[in-house]
Amino acid sequence: MNQIKKLLIIGFVWPEPNSSAAGGRMMQLISIFAANGFEITFASAAQDSDFMVDLPEFGVTKKSIELNSSSFDDFVLELNPDVVLFDRFMIEEQFGWRVIEKCPNAIRVLDTEDLHCLRTARQRAFKENRAFEIEDLLSEEVAKREIASILRCDLSLIISDFEMNILKDVFRVNEDLLFYLPFLVDEMKEEELLKLPSFEERQHFVFIGNFLHEPNWNTVQYLKEAIWPSIKKDFPEAILEVYGAYPSQKVLQLHQPKNGFYIMGRAEDANEIVKRARIVLGPIRFGAGLKGKLLEAMQCGTPSVTTSIGSEAMHENLPWNGFIEDNPKEFAKKAIALYQDENLWKESQKNGIAIINKCYQKKNYSDKLISLVNSLLADSENHRLHNFMGNLLQHHSYKSTMYMSKWIEAKNKN
(Lines give C-alpha, C1' and ligand atoms only; values in the text may rest on other atoms or scores of the structure.)
Protein backbone atom coordinates (compact mmCIF):
# COMPACT_ATOMS: atom_id res chain seq x y z
CA MET A 1 0.00 0.00 0.00
CA ASN A 2 1.37 3.43 -0.99
CA GLN A 3 2.15 5.76 1.88
CA ILE A 4 0.20 9.04 1.77
CA LYS A 5 2.50 11.88 0.78
CA LYS A 6 2.49 15.08 2.83
CA LEU A 7 2.62 18.58 1.35
CA LEU A 8 3.39 21.59 3.52
CA ILE A 9 2.57 24.96 1.95
CA ILE A 10 4.08 27.97 3.70
CA GLY A 11 2.07 31.02 2.67
CA PHE A 12 2.99 34.68 2.61
CA VAL A 13 -0.71 35.30 3.39
CA TRP A 14 -3.76 33.07 3.84
CA PRO A 15 -5.41 32.48 0.43
CA GLU A 16 -8.13 34.98 -0.55
CA PRO A 17 -9.32 33.80 -3.99
CA ASN A 18 -12.03 36.48 -4.10
CA SER A 19 -9.49 39.25 -3.42
CA SER A 20 -6.62 38.47 -5.77
CA ALA A 21 -5.43 36.28 -8.64
CA ALA A 22 -2.65 35.04 -6.34
CA GLY A 23 -5.28 33.62 -3.98
CA GLY A 24 -7.00 31.88 -6.90
CA ARG A 25 -3.67 30.50 -8.10
CA MET A 26 -2.94 29.04 -4.65
CA MET A 27 -6.33 27.30 -4.55
CA GLN A 28 -5.60 25.81 -8.00
CA LEU A 29 -2.33 24.36 -6.66
CA ILE A 30 -4.09 22.98 -3.58
CA SER A 31 -6.73 21.30 -5.77
CA ILE A 32 -4.05 19.64 -7.97
CA PHE A 33 -2.16 18.15 -5.01
CA ALA A 34 -5.37 17.17 -3.20
CA ALA A 35 -6.69 15.39 -6.31
CA ASN A 36 -3.45 13.40 -6.36
CA GLY A 37 -3.80 12.14 -2.80
CA PHE A 38 -1.49 14.51 -0.95
CA GLU A 39 -2.26 15.32 2.68
CA ILE A 40 -1.97 19.12 2.78
CA THR A 41 -1.05 21.48 5.61
CA PHE A 42 -1.09 25.24 4.98
CA ALA A 43 1.00 27.29 7.39
CA SER A 44 1.41 31.06 7.56
CA ALA A 45 2.66 33.73 9.93
CA ALA A 46 0.06 36.17 8.54
CA GLN A 47 -2.88 37.45 10.57
CA ASP A 48 -6.24 35.84 9.83
CA SER A 49 -8.44 37.95 7.56
CA ASP A 50 -12.19 38.24 7.12
CA PHE A 51 -11.89 37.15 3.51
CA MET A 52 -9.53 34.18 3.77
CA VAL A 53 -10.76 30.86 2.45
CA ASP A 54 -11.90 28.20 4.96
CA LEU A 55 -9.02 25.78 4.38
CA PRO A 56 -10.43 22.84 6.43
CA GLU A 57 -13.48 22.95 4.13
CA PHE A 58 -11.06 21.91 1.36
CA GLY A 59 -9.51 19.17 3.48
CA VAL A 60 -6.44 21.31 4.28
CA THR A 61 -5.02 21.56 7.81
CA LYS A 62 -4.46 25.19 8.85
CA LYS A 63 -1.45 26.04 11.03
CA SER A 64 -0.35 29.45 12.35
CA ILE A 65 3.43 29.80 12.64
CA GLU A 66 5.82 32.50 13.85
CA LEU A 67 8.66 34.30 12.10
CA ASN A 68 12.15 33.95 13.57
CA SER A 69 11.09 31.27 16.03
CA SER A 70 12.44 27.79 16.66
CA SER A 71 8.82 26.69 17.29
CA PHE A 72 8.66 26.24 13.49
CA ASP A 73 11.54 23.73 13.73
CA ASP A 74 9.56 21.56 16.15
CA PHE A 75 6.45 21.82 13.98
CA VAL A 76 8.15 20.89 10.69
CA LEU A 77 10.16 18.08 12.30
CA GLU A 78 6.98 16.51 13.66
CA LEU A 79 5.04 16.97 10.40
CA ASN A 80 7.99 15.63 8.36
CA PRO A 81 6.57 16.66 4.94
CA ASP A 82 7.61 15.03 1.68
CA VAL A 83 7.18 18.29 -0.24
CA VAL A 84 7.38 21.90 0.99
CA LEU A 85 5.94 24.63 -1.25
CA PHE A 86 7.04 28.21 -0.52
CA ASP A 87 4.57 30.89 -1.59
CA ARG A 88 6.91 33.66 -2.91
CA PHE A 89 10.67 33.93 -2.52
CA MET A 90 10.50 35.95 0.74
CA ILE A 91 8.96 32.90 2.44
CA GLU A 92 11.73 30.65 1.16
CA GLU A 93 14.29 33.11 2.54
CA GLN A 94 12.61 33.03 5.94
CA PHE A 95 11.87 29.31 6.31
CA GLY A 96 13.94 27.48 3.67
CA TRP A 97 17.04 26.98 5.84
CA ARG A 98 14.91 25.63 8.68
CA VAL A 99 13.29 23.10 6.30
CA ILE A 100 16.72 22.01 5.06
CA GLU A 101 18.02 21.65 8.62
CA LYS A 102 15.07 19.64 9.98
CA CYS A 103 13.73 17.87 6.85
CA PRO A 104 16.66 17.63 4.42
CA ASN A 105 14.92 15.02 2.24
CA ALA A 106 11.80 17.15 1.61
CA ILE A 107 11.47 18.43 -1.96
CA ARG A 108 11.46 22.23 -1.91
CA VAL A 109 9.18 23.93 -4.47
CA LEU A 110 8.91 27.70 -4.96
CA ASP A 111 5.77 29.26 -6.42
CA THR A 112 7.08 32.62 -7.61
CA GLU A 113 3.50 33.98 -8.26
CA ASP A 114 5.21 36.33 -10.71
CA LEU A 115 8.80 37.50 -11.08
CA HIS A 116 8.99 40.21 -8.43
CA CYS A 117 12.24 41.55 -9.90
CA LEU A 118 10.55 42.10 -13.27
CA ARG A 119 7.68 43.98 -11.65
CA THR A 120 9.97 46.17 -9.50
CA ALA A 121 12.37 46.91 -12.39
CA ARG A 122 9.47 47.94 -14.63
CA GLN A 123 7.99 50.07 -11.87
CA ARG A 124 11.34 51.82 -11.33
CA ALA A 125 11.70 52.51 -15.07
CA PHE A 126 8.13 53.83 -15.16
CA LYS A 127 8.75 56.19 -12.23
CA GLU A 128 11.96 57.38 -13.92
CA ASN A 129 9.86 58.14 -17.02
CA ARG A 130 11.83 55.89 -19.36
CA ALA A 131 11.32 52.62 -21.22
CA PHE A 132 12.10 49.41 -19.35
CA GLU A 133 15.05 47.45 -20.73
CA ILE A 134 15.94 43.83 -19.94
CA GLU A 135 19.32 45.00 -18.61
CA ASP A 136 17.45 46.82 -15.81
CA LEU A 137 16.93 43.40 -14.22
CA LEU A 138 20.65 42.91 -13.71
CA SER A 139 20.94 45.89 -11.38
CA GLU A 140 17.69 45.17 -9.53
CA GLU A 141 18.37 44.34 -5.86
CA VAL A 142 15.28 42.12 -5.65
CA ALA A 143 16.62 40.05 -8.57
CA LYS A 144 19.65 38.93 -6.57
CA ARG A 145 17.44 37.63 -3.76
CA GLU A 146 14.80 36.12 -6.02
CA ILE A 147 17.19 34.28 -8.34
CA ALA A 148 19.14 32.98 -5.32
CA SER A 149 15.87 31.60 -3.94
CA ILE A 150 15.03 29.92 -7.27
CA LEU A 151 18.49 28.33 -7.41
CA ARG A 152 18.24 27.00 -3.84
CA CYS A 153 14.94 25.21 -4.52
CA ASP A 154 14.50 21.89 -6.29
CA LEU A 155 11.78 23.32 -8.53
CA SER A 156 10.20 26.73 -9.20
CA LEU A 157 6.74 27.22 -10.71
CA ILE A 158 6.75 30.02 -13.29
CA ILE A 159 3.43 31.49 -14.39
CA SER A 160 4.51 33.22 -17.62
CA ASP A 161 6.53 31.95 -20.58
CA PHE A 162 7.99 35.47 -20.93
CA GLU A 163 9.38 35.05 -17.41
CA MET A 164 10.59 31.53 -18.25
CA ASN A 165 12.65 33.02 -21.07
CA ILE A 166 14.07 35.75 -18.81
CA LEU A 167 15.17 33.15 -16.26
CA LYS A 168 16.82 30.97 -18.91
CA ASP A 169 18.31 33.64 -21.19
CA VAL A 170 19.11 36.55 -18.85
CA PHE A 171 19.84 34.79 -15.56
CA ARG A 172 20.99 31.48 -17.08
CA VAL A 173 18.89 29.36 -14.72
CA ASN A 174 18.99 25.65 -15.58
CA GLU A 175 15.72 24.56 -17.18
CA ASP A 176 15.64 21.49 -14.88
CA LEU A 177 14.84 23.85 -11.99
CA LEU A 178 11.83 25.47 -13.71
CA PHE A 179 8.29 24.38 -14.56
CA TYR A 180 5.93 26.55 -16.60
CA LEU A 181 2.55 26.57 -14.88
CA PRO A 182 0.05 29.23 -16.02
CA PHE A 183 -3.39 29.78 -14.51
CA LEU A 184 -5.37 26.58 -14.92
CA VAL A 185 -9.04 26.45 -15.89
CA ASP A 186 -11.47 23.98 -17.42
CA GLU A 187 -12.17 23.77 -21.13
CA MET A 188 -14.89 26.12 -22.38
CA LYS A 189 -17.26 25.37 -25.26
CA GLU A 190 -18.83 28.03 -27.47
CA GLU A 191 -22.32 26.85 -26.43
CA GLU A 192 -21.52 28.07 -22.92
CA LEU A 193 -21.70 31.64 -24.22
CA LEU A 194 -25.45 31.14 -24.66
CA LYS A 195 -25.80 30.66 -20.88
CA LEU A 196 -24.03 33.96 -20.18
CA PRO A 197 -25.73 37.39 -20.29
CA SER A 198 -26.08 38.61 -23.89
CA PHE A 199 -24.71 41.83 -25.40
CA GLU A 200 -28.05 43.60 -24.77
CA GLU A 201 -28.28 42.36 -21.18
CA ARG A 202 -24.90 43.83 -20.23
CA GLN A 203 -23.93 47.39 -19.41
CA HIS A 204 -21.01 49.56 -18.31
CA PHE A 205 -17.26 49.32 -18.39
CA VAL A 206 -15.58 47.66 -15.41
CA PHE A 207 -12.15 47.41 -13.85
CA ILE A 208 -11.41 44.96 -11.05
CA GLY A 209 -8.22 44.47 -9.03
CA ASN A 210 -6.73 44.21 -5.53
CA PHE A 211 -5.51 47.67 -4.43
CA LEU A 212 -2.71 46.27 -2.28
CA HIS A 213 -1.07 45.59 -5.66
CA GLU A 214 0.64 48.78 -6.89
CA PRO A 215 0.08 48.17 -10.65
CA ASN A 216 -3.70 48.12 -10.02
CA TRP A 217 -3.70 51.48 -8.24
CA ASN A 218 -1.60 52.96 -11.04
CA THR A 219 -4.03 51.54 -13.63
CA VAL A 220 -7.01 53.25 -11.99
CA GLN A 221 -5.13 56.57 -11.82
CA TYR A 222 -4.27 56.24 -15.51
CA LEU A 223 -7.89 55.40 -16.40
CA LYS A 224 -9.14 58.45 -14.51
CA GLU A 225 -6.61 60.95 -15.83
CA ALA A 226 -5.74 59.85 -19.37
CA ILE A 227 -8.41 57.51 -20.75
CA TRP A 228 -11.78 58.16 -19.16
CA PRO A 229 -11.96 61.85 -20.27
CA SER A 230 -11.63 60.72 -23.92
CA ILE A 231 -14.24 57.97 -23.52
CA LYS A 232 -16.65 60.37 -21.79
CA LYS A 233 -16.15 63.07 -24.43
CA ASP A 234 -17.16 60.76 -27.32
CA PHE A 235 -19.60 58.60 -25.34
CA PRO A 236 -21.27 60.85 -22.70
CA GLU A 237 -23.53 58.07 -21.28
CA ALA A 238 -20.56 55.85 -20.46
CA ILE A 239 -20.16 54.53 -16.90
CA LEU A 240 -17.08 52.88 -15.42
CA GLU A 241 -17.33 50.80 -12.23
CA VAL A 242 -14.05 50.21 -10.40
CA TYR A 243 -14.01 47.26 -8.01
CA GLY A 244 -11.20 46.04 -5.82
CA ALA A 245 -10.29 44.69 -2.40
CA TYR A 246 -8.56 46.94 0.14
CA PRO A 247 -9.18 50.36 -1.46
CA SER A 248 -7.27 53.15 0.33
CA GLN A 249 -8.57 56.66 0.91
CA LYS A 250 -6.71 57.90 -2.19
CA VAL A 251 -8.62 55.32 -4.27
CA LEU A 252 -11.98 56.24 -2.74
CA GLN A 253 -11.33 59.93 -3.50
CA LEU A 254 -11.49 59.16 -7.24
CA HIS A 255 -15.23 58.37 -6.91
CA GLN A 256 -17.00 60.86 -9.21
CA PRO A 257 -20.55 59.78 -10.13
CA LYS A 258 -21.20 63.03 -12.01
CA ASN A 259 -18.50 61.96 -14.42
CA GLY A 260 -19.62 58.33 -14.61
CA PHE A 261 -16.57 57.16 -12.62
CA TYR A 262 -17.68 54.94 -9.72
CA ILE A 263 -15.39 53.47 -7.06
CA MET A 264 -17.39 50.46 -5.89
CA GLY A 265 -15.02 48.87 -3.34
CA ARG A 266 -14.71 45.14 -2.76
CA ALA A 267 -16.65 42.85 -5.11
CA GLU A 268 -18.76 40.33 -3.23
CA ASP A 269 -18.72 38.10 -6.30
CA ALA A 270 -16.22 39.28 -8.93
CA ASN A 271 -17.45 36.68 -11.41
CA GLU A 272 -21.01 37.99 -11.36
CA ILE A 273 -19.86 41.60 -11.75
CA VAL A 274 -17.67 40.79 -14.76
CA LYS A 275 -20.48 38.69 -16.32
CA ARG A 276 -22.94 41.58 -16.27
CA ALA A 277 -20.38 44.16 -17.53
CA ARG A 278 -20.05 44.72 -21.25
CA ILE A 279 -16.32 45.53 -21.35
CA VAL A 280 -13.35 45.09 -18.98
CA LEU A 281 -10.76 47.88 -19.14
CA GLY A 282 -7.20 47.03 -18.11
CA PRO A 283 -4.68 49.70 -19.20
CA ILE A 284 -1.86 48.20 -17.11
CA ARG A 285 1.45 50.09 -17.44
CA PHE A 286 3.83 47.94 -15.41
CA GLY A 287 3.76 44.56 -13.72
CA ALA A 288 4.68 40.93 -14.29
CA GLY A 289 3.16 37.47 -14.47
CA LEU A 290 -0.28 36.85 -15.95
CA LYS A 291 -3.31 39.05 -15.31
CA GLY A 292 -6.01 37.04 -13.57
CA LYS A 293 -8.59 39.76 -14.21
CA LEU A 294 -8.16 39.38 -17.99
CA LEU A 295 -8.46 35.61 -17.91
CA GLU A 296 -11.56 35.96 -15.72
CA ALA A 297 -13.01 38.34 -18.32
CA MET A 298 -12.58 35.65 -21.00
CA GLN A 299 -14.27 33.05 -18.78
CA CYS A 300 -17.19 35.45 -18.24
CA GLY A 301 -17.53 36.10 -21.98
CA THR A 302 -16.56 39.74 -21.42
CA PRO A 303 -14.25 41.32 -24.02
CA SER A 304 -11.40 43.49 -22.73
CA VAL A 305 -9.16 46.34 -23.82
CA THR A 306 -5.67 46.20 -22.35
CA THR A 307 -2.05 47.16 -23.01
CA SER A 308 0.90 45.13 -24.29
CA ILE A 309 2.01 44.68 -20.65
CA GLY A 310 -1.51 43.52 -19.69
CA SER A 311 -1.65 40.93 -22.46
CA GLU A 312 1.98 39.81 -22.14
CA ALA A 313 2.41 36.03 -22.38
CA MET A 314 -1.37 35.55 -22.16
CA HIS A 315 -2.50 34.57 -25.66
CA GLU A 316 0.40 33.05 -27.62
CA ASN A 317 -0.22 34.09 -31.25
CA LEU A 318 -4.04 34.10 -31.02
CA PRO A 319 -6.19 37.21 -31.61
CA TRP A 320 -6.98 39.03 -28.35
CA ASN A 321 -10.33 38.97 -26.58
CA GLY A 322 -10.88 42.60 -27.68
CA PHE A 323 -8.00 45.03 -28.24
CA ILE A 324 -4.40 45.58 -27.15
CA GLU A 325 -3.52 49.28 -27.25
CA ASP A 326 -0.83 51.37 -25.52
CA ASN A 327 -1.83 54.82 -26.76
CA PRO A 328 -4.46 56.32 -24.38
CA LYS A 329 -6.46 58.10 -27.11
CA GLU A 330 -6.57 54.97 -29.29
CA PHE A 331 -7.36 52.89 -26.20
CA ALA A 332 -10.45 55.07 -25.58
CA LYS A 333 -11.58 54.81 -29.22
CA LYS A 334 -11.27 51.05 -29.28
CA ALA A 335 -13.06 50.70 -25.94
CA ILE A 336 -16.04 52.64 -27.34
CA ALA A 337 -16.05 50.66 -30.61
CA LEU A 338 -16.04 47.37 -28.72
CA TYR A 339 -18.82 48.59 -26.42
CA GLN A 340 -21.09 49.68 -29.28
CA ASP A 341 -20.46 47.11 -32.05
CA GLU A 342 -22.28 43.86 -31.25
CA ASN A 343 -20.60 41.85 -34.03
CA LEU A 344 -17.13 42.96 -32.95
CA TRP A 345 -18.06 42.18 -29.35
CA LYS A 346 -19.24 38.64 -30.18
CA GLU A 347 -16.15 37.94 -32.27
CA SER A 348 -13.97 39.08 -29.34
CA GLN A 349 -15.88 36.76 -26.98
CA LYS A 350 -15.05 33.79 -29.21
CA ASN A 351 -11.40 34.83 -29.30
CA GLY A 352 -11.41 34.60 -25.51
CA ILE A 353 -12.66 31.02 -25.59
CA ALA A 354 -9.97 30.06 -28.11
CA ILE A 355 -7.29 31.53 -25.80
CA ILE A 356 -8.68 29.70 -22.74
CA ASN A 357 -8.73 26.37 -24.55
CA LYS A 358 -5.26 26.68 -26.06
CA CYS A 359 -3.31 28.31 -23.21
CA TYR A 360 -4.89 27.46 -19.83
CA GLN A 361 -6.11 23.87 -19.88
CA LYS A 362 -5.75 22.25 -16.45
CA LYS A 363 -5.42 18.79 -18.00
CA ASN A 364 -2.34 19.90 -19.99
CA TYR A 365 -0.32 20.81 -16.90
CA SER A 366 -1.55 19.23 -13.66
CA ASP A 367 -0.46 15.64 -14.43
CA LYS A 368 2.95 16.87 -15.64
CA LEU A 369 3.46 18.79 -12.39
CA ILE A 370 2.65 15.79 -10.19
CA SER A 371 4.79 13.51 -12.35
CA LEU A 372 7.73 15.91 -11.99
CA VAL A 373 7.29 16.19 -8.21
CA ASN A 374 7.14 12.39 -7.92
CA SER A 375 10.31 11.98 -10.00
CA LEU A 376 12.08 14.50 -7.72
CA LEU A 377 10.92 12.53 -4.68
CA ALA A 378 12.35 9.37 -6.23
CA ASP A 379 15.71 10.87 -7.20
CA SER A 380 16.32 14.11 -5.29
CA GLU A 381 19.95 13.24 -4.57
CA ASN A 382 20.93 13.14 -8.24
CA HIS A 383 18.87 16.25 -9.05
CA ARG A 384 20.58 18.22 -6.27
CA LEU A 385 24.02 16.94 -7.17
CA HIS A 386 23.70 18.65 -10.56
CA ASN A 387 22.48 21.94 -9.05
CA PHE A 388 25.92 23.16 -8.01
CA MET A 389 24.97 26.87 -7.84
CA GLY A 390 22.05 26.02 -5.58
CA ASN A 391 24.33 24.03 -3.27
CA LEU A 392 26.81 26.89 -3.21
CA LEU A 393 24.11 29.42 -2.30
CA GLN A 394 22.73 27.14 0.39
CA HIS A 395 26.17 26.83 1.92
CA HIS A 396 26.75 30.59 2.13
CA SER A 397 23.48 32.48 2.21
CA TYR A 398 21.62 30.11 4.50
CA LYS A 399 24.30 30.55 7.10
CA SER A 400 23.82 34.35 7.10
CA THR A 401 19.99 34.04 7.06
CA MET A 402 20.13 31.45 9.83
CA TYR A 403 22.33 33.53 12.13
CA MET A 404 20.28 36.68 11.51
CA SER A 405 17.06 34.80 12.33
CA LYS A 406 18.56 33.26 15.47
CA TRP A 407 19.81 36.69 16.57
CA ILE A 408 16.29 38.15 16.12
CA GLU A 409 14.80 35.22 18.05
CA ALA A 410 17.27 35.69 20.94
CA LYS A 411 16.60 39.46 20.93
CA ASN A 412 12.84 38.86 21.07
CA LYS A 413 13.26 36.67 24.16
CA ASN A 414 15.01 39.44 26.12
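Values as computed for the structure displayed
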| quantity | calculated |
| --- | --- |
| Matching residues in the range 234-284 - criterion: being in a helix (DSSP H, G or I) and either of a type in the set (A, V, I, L, M, F, W, C) or open to solvent by less than 10 Å² (accessible area, probe 1.4 Å) (or both) | 251, 252, 270, 273, 274 |
| Residue match in the range 43-65 (condition: under 26 Å from residue 182 (Cα atoms), in a strand (DSSP E or B) and open to solvent by less than 20 Å² (accessible area, probe 1.4 Å)) | yes |
| Selected residue (criterion: surrounded by the most Cβ atoms within 10 Å (Cβ to Cβ)) from residues of the range 187-233 that are assigned to a loop (DSSP other than H, G, I, E, B) and aromatic (Phe, Trp, Tyr) | 211 |
| Filtered residues of the range 127-164 (kept if charged (D, E, K, R), surrounded by fewer than 21 Cβ atoms within 10 Å (Cβ to Cβ) and touching a residue at least 24 places away in the same chain (Cβ under 8 Å)) | 145, 161 |
| Tally of residues being surrounded by 23 or more Cβ atoms within 10 Å (Cβ to Cβ) and either among the β-branched types (Val, Ile, Thr) or free of Cβ contacts under 8 Å to residues at least 24 places away in the same chain (or both) across the range 8-29 | 2 |
| Subset of the range 306-329 that is over 22 Å from the mean Cα position of the chain (by Cα) and of a type in the set (Asp, Glu) - its residue that is surrounded by the fewest Cβ atoms within 10 Å (Cβ to Cβ) | 326 |
| Qualifying residue in the range 376-389 (condition: in contact with a strand residue (DSSP E or B) (Cβ under 9 Å, 6 or more places away or on another chain), of a type in the set (Gly, Ala, Ser) and either part of a strand (DSSP E or B) or more than 25 Å from residue 29 (Cβ to Cβ) (or both)) | no |
| Candidate set from the range 285-311 (those that are in contact with a strand residue (DSSP E or B) (Cβ under 6 Å, 6 or more places away or on another chain) and part of a loop (DSSP other than H, G, I, E, B)); member that is farthest from residue 122 (Cα to Cα) | 302 |
| Any chance residue 292 is open to solvent by less than 10 Å² (accessible area, probe 1.4 Å) and not aromatic (Phe, Trp, Tyr) | no |
| Unmet requirement for residue 287, which otherwise passes all of (1) without any contact (Cβ under 8 Å) to a residue 12 or more places away in the chain; (2) among the small types (Gly, Ala, Ser); (3) under 30 Å from residue 203 (Cα atoms) | (1) |
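Okay, residues lined up against (1) exposed (fewer than 15 other Cβ atoms within 10 Å of the Cβ); (2) of a type outside the set (S, T, N, Q):
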site: 348; (1), (2): no, no
site: 351; (1), (2): no, no
site: 356; (1), (2): no, yes
site: 360; (1), (2): no, yes
site: 368; (1), (2): yes, yes
site: 384; (1), (2): no, yes
site: 387; (1), (2): no, no
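Residues checked against (1) of a type outside the set (Ser, Thr, Tyr); (2) closer than 30 Å to residue 147 by Cβ; (3) in contact with a Phe, Trp or Tyr (Cβ under 8 Å, 6 or more places away or on another chain):
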| position | (1), (2), (3) |
| --- | --- |
| 303 | yes, no, yes |
| 318 | yes, no, no |
| 322 | yes, no, no |
| 328 | yes, no, yes |
| 378 | yes, yes, no |
| 391 | yes, yes, no |
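Each row is one residue, and each column tells you yes or no for (1) at pLDDT 95 or above; (2) surrounded by fewer than 16 Cβ atoms within 10 Å (Cβ to Cβ); (3) touching a strand residue (DSSP E or B) at 6+ places or on another chain (Cβ under 9 Å).
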| site | (1), (2), (3) |
| --- | --- |
| 38 | yes, no, yes |
| 70 | no, yes, no |
| 75 | yes, no, yes |
| 78 | yes, yes, no |
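The values are calculated or read from the model by the stated rules, or taken from the named source; none is laboratory data. Please read all numbers here as calculations on a predicted model, not as lab measurements. Note that each Cβ is placed from the backbone with ideal geometry, even for glycine, and that neighbours are counted across all protein chains shown. The accessibility values were calculated without ligands, DNA or RNA, using every heavy atom of the protein model including side chains. Shrake-Rupley method; radii C 1.70, N 1.55, O 1.52, S 1.80 Å.
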